[in-house]
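Right, one structure below, let's go through it.
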Amino acid sequence: MGPTGILCVQRTLLEGRRSGLLTGLGASLSDILYAALCSLGVGVVIDVLDKYRAGIEIFASIVLIIFGIYTFFSVPRYVAPNKDQEQKGDSYLVVSSFLLTLSNPLIIFFYLALFSFFPIFSERVSPLLTSIILLVSIEIGALLWWWLITLIVSRLRVHLRPSRIRRLNHVIAILLIAAGILHFFL
């Protein structure tokens, strides 16, 4: 579970399942963008990554550290599980997780490995149709993953007190900051 997964868990705990699902939606949109780039032109994507690698790594490190600092100093605002109250706008939840996931271009290598493992491109099937089926399958799989995570976390959420959530925030923040620092130096 990477930084986006941690963010999804935190938002589900603090703001409810809807916030977690919207966070997962943003992440899945980023995943589908990377998958589309891979399916359309693997060589071009790798060239861009190589050309802008240093900038992308710095950007990713800064994003992780900022999310970590924000998380560390945020005060848990526990919302009762049955209360339908929005803490943040839907677009903020989707866009912030989209950008966080987008800041990790290493996902491209996952898709490259996935595409090479499964012989999905065939001369008998239209490349456009194959790409569409592939991308829809990836999006459905990602959304099911985020649905499952938020379901489990929302069930556990009722057992957590605000003091435990604050400690969890501190642990999550330290992990995010450490990941950002490690990412910067590695």
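The values are calculated or read from the model by the stated rules, or taken from the named source; none is laboratory data. As the structure is a computational prediction, the values presented were derived from the model and not from experiment. Cβ atoms come from the backbone with ideal geometry, glycine included; neighbour counts cover every protein chain shown. Each accessible area value is taken on the protein alone, full model and side chains, heavy atoms only, with ligands, DNA and RNA left out. Shrake-Rupley method; radii C 1.70, N 1.55, O 1.52, S 1.80 Å.
Numbers at a glance
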quantity	calculated
Ala179 being surrounded by 14 or more Cβ atoms within 10 Å (Cβ to Cβ), under 15 Å from the mean Cα position of the chain (by Cα) and farther than 20 Å from Leu25 by Cα	yes
Members of segment 147-176 that are closer than 13 Å to Cys8 by Cα and open to solvent by 80 Å² or more (accessible area, probe 1.4 Å)	Trp147, Ile152
Qualifying residue in segment 6-23 (condition: assigned to a helix (DSSP H, G or I), at pLDDT below 75 and within 19 Å of Ile181 (Cβ to Cβ))	no
Qualifying residues in segment 8-36 (those that are among the small types (Gly, Ala, Ser) and touching a Ser or Thr at 6+ places or on another chain (Cβ under 8 Å)) - the one surrounded by the fewest Cβ atoms within 10 Å (Cβ to Cβ)	Ala36
Candidates Ser103, Ser39, Ser131, Ser137 - the one that is polar (S, T, N, Q), closer than 26 Å to Ile174 by Cα, surrounded by 12 or more Cβ atoms within 10 Å (Cβ to Cβ) and at pLDDT 70 or above	Ser103
Residues that are surrounded by fewer than 13 Cβ atoms within 10 Å (Cβ to Cβ) and either at pLDDT 70 or above or touching a Pro at 6+ places or on another chain (Cβ under 8 Å) (or both), drawn from segment 106-125	Phe121
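For every residue, the table says whether it meets (1) surrounded by 14 or more Cβ atoms within 10 Å (Cβ to Cβ); (2) modelled with pLDDT of 80 or more; (3) on the phi > 0 side of the Ramachandran plot; (4) assigned to a helix (DSSP H, G or I).
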{"residue": "Val44", "(1), (2), (3), (4)": "no, no, no, yes"}
{"residue": "Val48", "(1), (2), (3), (4)": "yes, no, no, yes"}
{"residue": "Arg53", "(1), (2), (3), (4)": "no, no, no, yes"}
{"residue": "Ala60", "(1), (2), (3), (4)": "yes, no, no, yes"}
{"residue": "Ile65", "(1), (2), (3), (4)": "yes, yes, no, yes"}
{"residue": "Tyr78", "(1), (2), (3), (4)": "yes, no, no, no"}
{"residue": "Asn82", "(1), (2), (3), (4)": "no, no, no, no"}
{"residue": "Ser91", "(1), (2), (3), (4)": "no, yes, no, yes"}
